[in-house]
Amino acid sequence: MAGRQASKTIDSDKRVKQSDYDIGPKQYDFHTDLRYGKQGEKLVEEFLQTLSGGAFEVKTDRYRNGRMVLEMEHNPRRETDEEGKPKWKPSGLAVTKARWWVYVYTLDGSFIIVDVQRIKRYLKTNKDRFNPKKYNNFAHRSSNPSRGYLLQPEDVMDLMINPAYDTVPNIL
């Protein structure tokens, strides 16, 4: 994924797209933009209504590195089977009933909110990188180790903006 770059202006009405974050030249239409804005408002209203029902799960990151951990299994109390192998149980994203996944990056107000189904579509679409054979181990020295996926900052950005994970058609 390309890094953020400044746009090169050709003239006052046209822009050349130089990165994945730039808006390419297009015709703007007030009514289309208004419909798109109304859809955004509806999404936020729906989100706020679901908050009172507890339809969200919050994960907080202490490390400020832009990564996102998606826990899929844990081993409470380091339980083992009769052969001494860890007994992993589904957890986190694998079992959540939440509609929204809230990932807190800093305690002073930096977090993202993603629909759980979007995250699952992201993982399914990228199953060559995100499958149980590629789990990362977390808190392996604790009494409750876990494992799952570690998304790098560029993965998080892809999850957030790539239309491949959309279910709502883009009206623009």
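The values are calculated or read from the model by the stated rules, or taken from the named source; none is laboratory data. Everything quoted here is computed from the prediction, not taken from an experiment. Glycine gets a Cβ as well: all are built from the backbone with ideal geometry, and neighbour counts include every protein chain shown. Remember, those area values only see protein heavy atoms, side chains included, never the ligands or the DNA or RNA. Shrake-Rupley method; radii C 1.70, N 1.55, O 1.52, S 1.80 Å.
For the range 1-49, give me each residue that is of a type in the set (Val, Ile, Thr), at pLDDT 60 or above and either open to solvent by 70 Å² or more (accessible area, probe 1.4 Å) or within 30 Å of Lys97 (Cβ to Cβ) (or both).
Selection gives Ile23, Val44.
For Met72, are the conditions met, namely being closer than 23 Å to Gly40 by Cβ, of a type in the set (A, V, I, L, M) and in contact (Cβ under 8 Å) with a residue 60 or more places away in the chain?
In short, no.
Any residue in the range 62-80 that is touching a helix residue (DSSP H, G or I) at 6+ places or on another chain (Cβ under 9 Å) and open to solvent by less than 20 Å² (accessible area, probe 1.4 Å)?
Checking the range 62-80: at least one residue is touching a helix residue (DSSP H, G or I) at 6+ places or on another chain (Cβ under 9 Å) and open to solvent by less than 20 Å² (accessible area, probe 1.4 Å).
Please determine, by comparing only the residues of the range 124-164 that are of a type in the set (Phe, Trp, Tyr) and over 15 Å from Lys59 (Cβ atoms), which one is surrounded by the most Cβ atoms within 10 Å (Cβ to Cβ).
Restricting to residues being of a type in the set (Phe, Trp, Tyr) and over 15 Å from Lys59 (Cβ atoms), the top hit is Phe130.
Looking only at the range 93-123, count every residue that is open to solvent by less than 30 Å² (accessible area, probe 1.4 Å), of a type outside the set (Ser, Thr, Tyr), out of contact with any Lys or Arg (no Cβ under 8 Å at 6 or more places or on another chain) and closer than 22 Å to Lys134 by Cα and tell me the total.
Qualifying residue count, the range 93-123: 2.
Please find, among Arg147, Arg118, Arg129, the residue that is in contact with an Asp or Glu (Cβ under 9 Å, 6 or more places away or on another chain), modelled with pLDDT of 95 or more and assigned to a loop (DSSP other than H, G, I, E, B).
Arg129
Please determine whether any residue of the range 50-60 is open to solvent by 90 Å² or more (accessible area, probe 1.4 Å) and of a type outside the set (Gly, Ala, Ser).
Within the range 50-60, not a single residue is open to solvent by 90 Å² or more (accessible area, probe 1.4 Å) and of a type outside the set (Gly, Ala, Ser).
Could you please find all residues in the range 99-140 being within 21 Å of Gly40 (Cβ to Cβ) and of a type in the set (A, V, I, L, M, F, W, C)?
If the condition is that a residue be within 21 Å of Gly40 (Cβ to Cβ) and of a type in the set (A, V, I, L, M, F, W, C), then Trp100, Trp101, Val102, Phe111, Ile112, Ile113, Val114, Val116, Ile119 are the ones that fit.
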